[in-house]
Amino acid sequence: MTSNDGAFPAAEADRVEVGGMALWIRPIGPRDDRRLVEFFHSLSPRSIYMRFFAPMKQLSETMVARLTRVDPRRHIALAAYPGSGPDEPMLGVGRMIAQTDPRRAEFSIVVTDAFQGLGIGAALLQRCIDLAPSRGIEKIRGLVLAENTRMLALGRKLGFTIQRAGGAEYELAIDVTVAAPETERMVQRVTTL
Ligand SMILES: CC(C)(COP(=O)(O)OP(=O)(O)OC[C@H]1O[C@@H](n2cnc3c(N)ncnc32)[C@H](O)[C@@H]1OP(=O)(O)O)[C@@H](O)C(=O)NCCC(=O)NCCS
């Protein structure tokens with residue numbers, strides 16, 4: 001397998017089962033430029049607004065590069081796919097980016113509209129949380145619009161605290177050095193290849 005044939009190097013991909021559906025989760029890299037743009041265009045204006053806090057019609061080349069050429073020491077970027085082949089579409093993207101203090105990170109998460117509500121967002125965010133300690137991240141936060149009841153429900157389920165952040169936003173925060181109760185876990189990892 002070459003690095004640019006679009007198929008996933010097995011060592012990089014995790015197979016997870018979400019609500020009876022098999023999914024592949026793997027890190028985003030430079031070979032994903034096209035897939036990321038296609039994923040962006042699969043999102044509704046509302047989902048784009050909830051994710052970027054702004055109405056956006058497209059991703060600039062600069063932005064695509066920033067989102068796919070990540071420094072793995074401080075930026076966890078994962079995408080979920082229905083399979084491991086070269087033409088699989090991205091179904092969701094989860095990120096965690098370390099801040100000036102590398103022990104603190106901000107998360108973002110977005111799932112393509114047709115696949116929302118199936119557990120993919122939970123799987124991606126949980127995987128980011130699981131990886132955070134390996135990057136030295138201790139505390140994770142994210143801002144969520146008050147109207148985003150789905151994200152607020154997801155954050156609550158995964159153990160985030162939720163506080164009003166002023167205006168129309170809430171801050172979700174979690175300390176990953178404090179173990180979450182097993183019962184809160186929504187995602188069962190079935191295989192790590
Ligand atoms: C927020 C988002 C990432 C959640 O991903 P998702 O795959 O749809 O969520 P999941 O299916 O994993 O649901 C997780 C939990 O959210 C809640 N949820 C799911 N669908 C919901 C709905 N229609 N209404 C309210 N809560 C809902 C539930 O608590 C659910 O857990 P449960 O299924 O065990 O009850 C997704 O809806 C999305 O991409 N939204 C647009 C972008 C965004 O808002 N990003 C967040 C800010 S960065």
*What single numbered condition from (1) in contact with a Lys or Arg (Cβ under 9 Å, 6 or more places away or on another chain); (2) open to solvent by 30 Å² or more (accessible area, probe 1.4 Å); (3) within 11 Å of the ligand (Cβ to nearest atom) fails to hold for Pro89?*
(3)
*Among residues belonging to segment 34-60 that are of a type in the set (Ser, Thr, Tyr) and assigned to a helix (DSSP H, G or I), point out the one that is nearest to Leu143 (Cα to Cα).*
Tyr49
*Please work out which residue is modelled with the highest pLDDT, limiting yourself to segment 1-41 and to residues that are open to solvent by 50 Å² or more (accessible area, probe 1.4 Å) and small (Gly, Ala, Ser).*
Gly20
*Take segment 112-140 and flag every residue that is within 8 Å of the ligand (Cβ to nearest atom) and of a type in the set (Val, Ile, Thr).*
Thr112, Ile120
*Can you tell me which residues in segment 48-67 are open to solvent by less than 50 Å² (accessible area, probe 1.4 Å), more than 13 Å from Ile97 (Cα to Cα) and away from the ligand (no atom under 13 Å from the Cβ)?*
Leu59, Met63, Val64, Ala65
_Can you confirm whether Ser84 is without any contact (Cβ under 8 Å) to a residue 12 or more places away in the chain and either open to solvent by less than 10 Å² (accessible area, probe 1.4 Å) or farther than 27 Å from Gly136 by Cα (or both)?_
no
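Please count how many residues of segment 141-161 are more than 10 Å from the ligand (Cβ to nearest atom) and either assigned to a helix (DSSP H, G or I) or in contact with a helix residue (DSSP H, G or I) (Cβ under 6 Å, 6 or more places away or on another chain) (or both). Reasoning before the result, please.
Initial filter on segment 141-161 (more than 10 Å from the ligand (Cβ to nearest atom)): 141, 146, 159-161.
Restricting the remaining residues to those that are either assigned to a helix (DSSP H, G or I) or in contact with a helix residue (DSSP H, G or I) (Cβ under 6 Å, 6 or more places away or on another chain) (or both) gives 159.
Total meeting the criteria: 1.
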_Where a residue in segment 61-80 is part of a helix (DSSP H, G or I) and its partner, wherever it lies, is among the small types (Gly, Ala, Ser), with Cβ under 8 Å and at least six apart_ = Leu67/Ala77; Thr68/Gly29; Thr68/Ala77
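Determine, yes or no, whether Ala132 is assigned to a strand (DSSP E or B) and surrounded by 15 or more Cβ atoms within 10 Å (Cβ to Cβ).
Details: assigned to a strand (DSSP E or B): no; surrounded by 15 or more Cβ atoms within 10 Å (Cβ to Cβ): yes.
When the stated conditions are applied, Ala132 does not pass them.
The values are calculated or read from the model by the stated rules, or taken from the named source; none is laboratory data. Since we're looking at a predicted model, the values are computed, not measured. Glycine gets a Cβ as well: all are built from the backbone with ideal geometry, and neighbour counts include every protein chain shown. Side chains included, ligands, DNA and RNA excluded: accessible areas come from the protein's heavy atoms. Shrake-Rupley method; radii C 1.70, N 1.55, O 1.52, S 1.80 Å.
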